[in-house]
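This report concerns only the one structure given below.
The values are calculated or read from the model by the stated rules, or taken from the named source; none is laboratory data. The structure displayed is predicted, hence computed values, not measured ones. So basically every Cβ, Gly included, is an ideal-geometry build from the backbone, and we count neighbours across all protein chains shown. All accessible areas refer to the heavy atoms of the entire protein, side chains included, with ligands and DNA or RNA removed. Shrake-Rupley method; radii C 1.70, N 1.55, O 1.52, S 1.80 Å.
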Amino acid sequence: MSRTKVIGGIVLAIVLGIGGMIVKSKLGYTKKGNLSYASLGVDAKHPDGDVLIAKLEQPAKKWKRDAIWWSANFQAVDAQGRVDVSKGAEVVYISETAVQSAARSVRKDSIKKFSAGVAGVAHDKLWGATEPWKGIEQHPTPVCKLKDVMAIVGRDLAPGKTVRVTFDPRFADFYAWRVMSDEPKLDALYAFSDCSLIK
């Protein structure tokens, strides 16, 4: 009887473990140390991209008081401007003074990468500028939001299709959203100021 109970207990533990994993995958969960989507006030699976960037300002300011938004890299954005975090999404904030510091010890924790995924938003890794950055200033607030860009791009998107949207000043000559897609074929820049297509 004792052997039967032990085997039964092991089987039950395995079943409960598998069941828990299935429930987590269906309902979503937050890995320990990650920011939860509930705490940010955004949808856990398809957060609004503009809102996600804005909501991450608070934890960024908690990290460094002079934190400013720096870049975004969303692998899958739908016609409504919602991000599929299961495909990969990253929002970067920087410490305006720390990235420009001459001291390596200060720069070693000068970049905060928020990586959004199915288990919440990871943000605990240390990132820093290897060399002092020069001429850093806060980006202008986009008048043309991500949602506005997708209202334009979405006209040519088939139902359920997504595009990649990025902004990174290291690789841009303009304040603009870069939208990329294989189907339809697209690689275009839309200005922060008025959503105009930059050629």
For this session: With the condition kept exactly as written, say whether any residue in the stretch 139-157 is at pLDDT 95 or above and closer than 29 Å to K31 by Cα.
Result: yes
Exercise. Do any residues in the stretch 127-142 that are touching a residue at least 60 places away in the same chain (Cβ under 8 Å) have Cβ atoms under 7 Å from those of residues that are of a type in the set (F, W, Y) and open to solvent by 40 Å² or more (accessible area, probe 1.4 Å), where the two are at least six apart or on different chains, and which pairs are they?
Worked result: H139/Y175
Exercise. Yes or no: S36 small (G, A, S) and closer than 30 Å to I152 by Cα?
Worked result: no
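Any residue at all in the stretch 98-118 that is among the aliphatic types (A, V, I, L, M), under 30 Å from P159 (Cα atoms), part of a strand (DSSP E or B) and open to solvent by less than 20 Å² (accessible area, probe 1.4 Å)? Let's see the steps before the verdict.
First pass over the stretch 98-118, keeping only residues among the aliphatic types (A, V, I, L, M): 98-99, 102-103, 106, 111, 116, 118.
Filter again for under 30 Å from P159 (Cα atoms), leaving 116, 118.
With the extra rule that they be part of a strand (DSSP E or B), the set shrinks to 116.
If we keep only those that are open to solvent by less than 20 Å² (accessible area, probe 1.4 Å) too, we end up with 116.
Checked the stretch 98-118: at least one residue is among the aliphatic types (A, V, I, L, M), under 30 Å from P159 (Cα atoms), part of a strand (DSSP E or B) and open to solvent by less than 20 Å² (accessible area, probe 1.4 Å).
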Problem set entry | Some residue of the stretch 167-174 being closer than 17 Å to G81 by Cα, touching a residue at least 60 places away in the same chain (Cβ under 8 Å) and surrounded by 10 or more Cβ atoms within 10 Å (Cβ to Cβ) | yes
Exercise. With (1) in a helix (DSSP H, G or I); (2) under 24 Å from V179 (Cβ atoms) as the list, and I94 as the residue in question, which single condition is left unmet?
Worked result: (1)
Seminar exercise, completed: The residue from D78, D66 that alone is over 25 Å from K32 (Cα atoms) and in contact with a strand residue (DSSP E or B) (Cβ under 6 Å, 6 or more places away or on another chain) is D66
Problem set entry | Residues of the stretch 120-162 that turn out to be hydrophobic (A, V, I, L, M, F, W, C), crowded, with 18+ Cβ neighbours inside 10 Å and under 22 Å from Y37 (Cα atoms), as a count | 2
